[in-house]
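The values are calculated or read from the model by the stated rules, or taken from the named source; none is laboratory data. Note that the coordinates shown come from a computational prediction; the quantities given were computed from them, not determined experimentally. Note that we place each Cβ from the backbone using ideal geometry, even for glycine, and neighbour counts take in every protein chain shown. The protein model used for the area step is the full one, side chains on, heavy atoms only, and it has no ligands, DNA or RNA in it. Shrake-Rupley method; radii C 1.70, N 1.55, O 1.52, S 1.80 Å.
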Amino acid sequence: MTPLRKARLAKGWILEDVVRRLAAIGETIDTGNLSRLERGKQRASVELAESLAKIFGKRSLTEMQVLYPERYMDKQVA
């Protein structure tokens with residue numbers, strides 16, 4: 001699970017909650033693109049990573065975790 005998804009679930013937010021909070025600070029993204037970011041299928045821009053860290057709080061999510069989620073993902077036990 002990516003740090004972005006983990007942070008969202010920890011807050012009890014749905015994708016639309018994140019989209020609304022981003023819109024409130026001037027960042028535009030739709031739920032489809034946000035979902036792809038969460039699944040590691042799409043990369044965030046530096047600006048979007050900064051905005052996500054801002055709305056979640058840097059103790060919950062950092063820019064680096066958004067930009068390089070594979071470095072921070074929980075290891076799956078085989």
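If the chain linking Asp17 and Arg39 were pulled fully straight, counting 0.36 nm for each residue of separation and taking away their Cα-Cα distance, it would gain 6.2 nm.
Normalised by residue number, the volume inside the convex hull of the Cα atoms of the chain is 88 Å³ per residue.
Loop-located trypsin sites (Lys or Arg not before Pro) in the stretch 20-54 (DSSP state not H, G, I, E or B) with no more than 11 neighbouring Cβ atoms inside 10 Å: Lys41. Overall, the accessible surface of the stretch 1-77 at a probe of 1.4 angstrom is composed of carbon and sulfur to the extent of 49 percent.
Computed about the Cα centre, the dipole magnitude for the chain is approximately 280 debye when only Lys and Arg (+1) and Asp and Glu (-1) carry charge, each at its Cβ. At a probe radius of 1.4 angstrom, the accessible area of the chain per residue rounds to 64 square angstrom.
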